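Readers should treat all values here as calculations from the given coordinates under stated rules, not as data from a laboratory. Owing to the predicted nature of the structure, the values given are computational and were not obtained by experimental measurement. Cβ placement follows ideal geometry from the backbone for every residue including glycine, while neighbour counts extend to all protein chains displayed.
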Amino acid sequence: MGLITGVMGFLFGDGRNVITDTAEVFRENAEGGAARAANAKSESLQQFAAEFAHARRGLFDRFVDGLNRLPRPMLALGTIWMFIAAMRWPDEFIRGMEGLALVPEPLWWLMGAIVSFYFGARHQAKEQDFQRAVASTIAAVQASKAPESVPVFSDNPALDDWQARNG
């Protein structure tokens, strides 16, 4: 009996578990890893929200943003206008298309690159504005909620009891 007690005391005594401690050398503790990942994500979002919380858009920024909204509608309306011109003024339309046929191919490639970069940059700017808005909303919600006011919705009574005991 003393030998078994000694072995068990060695393995599980002193408030530690030699088997668990050894296993964690080869495999990360999933609960600890999840807690670290959640903490890192929360800190990252708070930093992102703090970085852009004071950004105010002035008159010039709003004017340039308005100018940046013009190319897409102009391209769409210009394409529709080409169909109207082809029906209303076929001779002028034919001359215009002959003129476009004379444009060298490298110039078409350049035009495609400019349009692609413009719309790509516009998409990226809008995506960053969206992420900034999400981060500031998350930061505002996290700042306003108190730990005791967070409702717990669970179908697991054991989990509810544990959360009630551990806060």
With no solvent term and unit scatterers on the alpha-carbon positions of the chain, Debye gives log₁₀ I(q)/I(0) at q = 0.11, 0.14 Å⁻¹ of -0.85, -1.05
Find how many whole Å separate the alpha carbon centroid of the stretch 21-36 from the alpha carbon centroid of the stretch 68-113. 62
Backbone N within the stretch 62-80 under 16 Å of label point (7 Å from D129 Cα along the Cβ vector): 62-73
For every other residue with a beta carbon closer than 13 angstrom to the beta carbon of A85, add +1 if it is Lys or Arg and -1 if Asp or Glu, then tell me the sum. 0
